[in-house]
Amino acid sequence: MAEGIVTTFMIVIAVLVIGLVIFGFSSALLAPKEAFAIAQHQAAQLASQTTISVGPFLVSNSQGSLVIEAYDPSYSGNYYVYVFLIPSYLITSAGVVTPNDQFAVNLPFQVYLANGNLATQTTITSVYDINGNELYQGSLSVYEIPSNTPVTINIQNVPNSGNGYYIIVWLIYTNGINSFRIGYAYTGLPGVT
């Protein structure tokens, strides 16, 4: 009788261990996909509600600045921004041109908050669109900005033939793991004085 109890007890323990292993394995596989899907849904919701306002691009002596605001009255969190230039003939493709495109011009830039302080800079990788398609792979140095507050973007080394380019501003949402471009805006680059 004691052997039967021990055998049953060992079978129960084996079933529990196998169940825990299967649960752990499936959680390890499904958790990242579920987290991505949740972040993608949040990004899509923000994209549908957020308006990006971009002021004129003012340039003097190869230094330029513009003011932007990401406005969504129902969102009080932060976004991230990245800017780059594209030739004016690509403006109809502004939504698909990325910073690693052969025609993109990546210039040094800084973002300043409304109080004059430099925004926090961080590095993200693998930016997706709101449909889950990868737009950019690699390191991208972005600045964190608050929602519903204008910020100033300063860009250095603006090309002398400035009127042949547009500034592209990417607005990015990240949940700390996955990053999504939830919108973009552009403005023409006037001739440099």
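The values are calculated or read from the model by the stated rules, or taken from the named source; none is laboratory data. Keep in mind the model is a prediction, meaning the values are calculated, not measured. Cβ coordinates were reconstructed from backbone atoms using ideal geometry, including for glycine residues, and neighbour counts include every protein chain displayed. Heavy atoms of the whole protein, side chains included, go into the accessibility calculation; ligands, DNA and RNA do not. Shrake-Rupley method; radii C 1.70, N 1.55, O 1.52, S 1.80 Å.
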Margin query: Need the failing condition index for residue 183 against (1) more than 22 Å from residue 37 (Cα to Cα); (2) open to solvent by less than 20 Å² (accessible area, probe 1.4 Å); (3) not β-branched (Val, Ile, Thr), just the number.
Written below: (1)
Checklist line | So residue 92, is it hydroxyl-bearing (Ser, Thr, Tyr), surrounded by fewer than 17 Cβ atoms within 10 Å (Cβ to Cβ) and not in a strand (DSSP E or B) | finding: yes
Check: Is it true that residue 107 is of a type in the set (A, V, I, L, M, F, W, C), touching a residue at least 24 places away in the same chain (Cβ under 8 Å), closer than 27 Å to residue 60 by Cβ and outside any strand (DSSP E or B)?
Finding: yes
Item checked: Hits in the range 136-167 (condition: buried (at least 21 other Cβ atoms within 10 Å of the Cβ), at pLDDT below 95 and within 19 Å of the chain's Cα centre (by Cα)) -> 136, 140, 167
Next item on the list: Hey, can you tell me all the residues within the range 115-134 that are of a type outside the set (Gly, Ala, Ser), in a loop (DSSP other than H, G, I, E, B) and surrounded by 11 or more Cβ atoms within 10 Å (Cβ to Cβ)?
Entry: 120, 129, 130
Note to self: Restricting to the range 62-78, and then to whatever is modelled with pLDDT of 90 or more and not in a loop (DSSP other than H, G, I, E, B), can you tell me which residue is farthest from the chain's Cα centre (by Cα)?
What the structure shows: 65
Next item on the list: Test residue 81 against the stated conditions and say whether it is open to solvent by 30 Å² or more (accessible area, probe 1.4 Å), of a type in the set (A, V, I, L, M) and part of a strand (DSSP E or B).
Entry: no
